[in-house]
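Engineer: First, the structure itself, so that you have it in front of you.
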């Protein structure tokens, strides 16, 4: 990996991300510290998978628009063959990043109720 590529995939955590991750856990007995660590791991996995912190919010919002315009309300029921090439790229990029983020927090075998999240822009 080149130095420029390495810089684009990492984020200086001393500077806040332009977004906040809210995670819901199936088991609500997690401590505040554990929640903060999980949210940081989730966010970092998104940044790593998408390649740049600046891509997280735009791709997330585009992903949500795709789900809304397809009228299904669920990413699991989207027929990617009905998407344009650009929509398919966004949709698949987000799904890959989402899987990486969920696995970073919950592992490969998460339980029902784990893994619900919302990403909000910071004011």
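Laboratory data are not the source of any read-out in this text; all were calculated from the coordinates shown. This structure is a prediction, so every number in the text was calculated from the model and none was measured. Don't worry about glycine lacking a Cβ; one is built from the backbone with ideal geometry, like all the others, and counts go over all protein chains shown.
Engineer: Based on the mean of other Cβ atoms within 10 Å per residue, sort peptides 95-106, 71-82, 38-49 so the most packed one is first.
Structural biologist: Working: 95-106: 18.1, 71-82: 10.5, 38-49: 19.8.
Packing proxy ranking, top to bottom: 38-49, 95-106, 71-82.
Engineer: Kindly rank 29-36, 58-65 from highest to lowest mean number of other beta carbons found within 10 Å of each residue. Walk me through the numbers on the way to the answer.
Structural biologist: Values: 29-36: 9.9, 58-65: 16.1.
The densest-packed peptide leads the list: 58-65, 29-36.
Engineer: Once you have the Cα-Cα distance between residue 77 and residue 100, take 0.36 nm times their residue separation minus that, and quote the gain in nm to one decimal.
Structural biologist: Values: separation 23, 0.36 × 23 = 8.28 nm, distance 2.00 nm.
Net length gain for the segment: 6.3 nm.
Engineer: If you don't mind, another one. Given a Förster radius of 22 Å and the C-beta distance between residue 35 and residue 88 as r, what FRET efficiency does 1/(1 + (r/R0)^6) yield to the nearest 0.05? List each step's numbers first, then the result.
Structural biologist: Details: r = 34 Å, r/R0 = 1.53.
Rounded to the nearest 0.05, the efficiency is 0.05.
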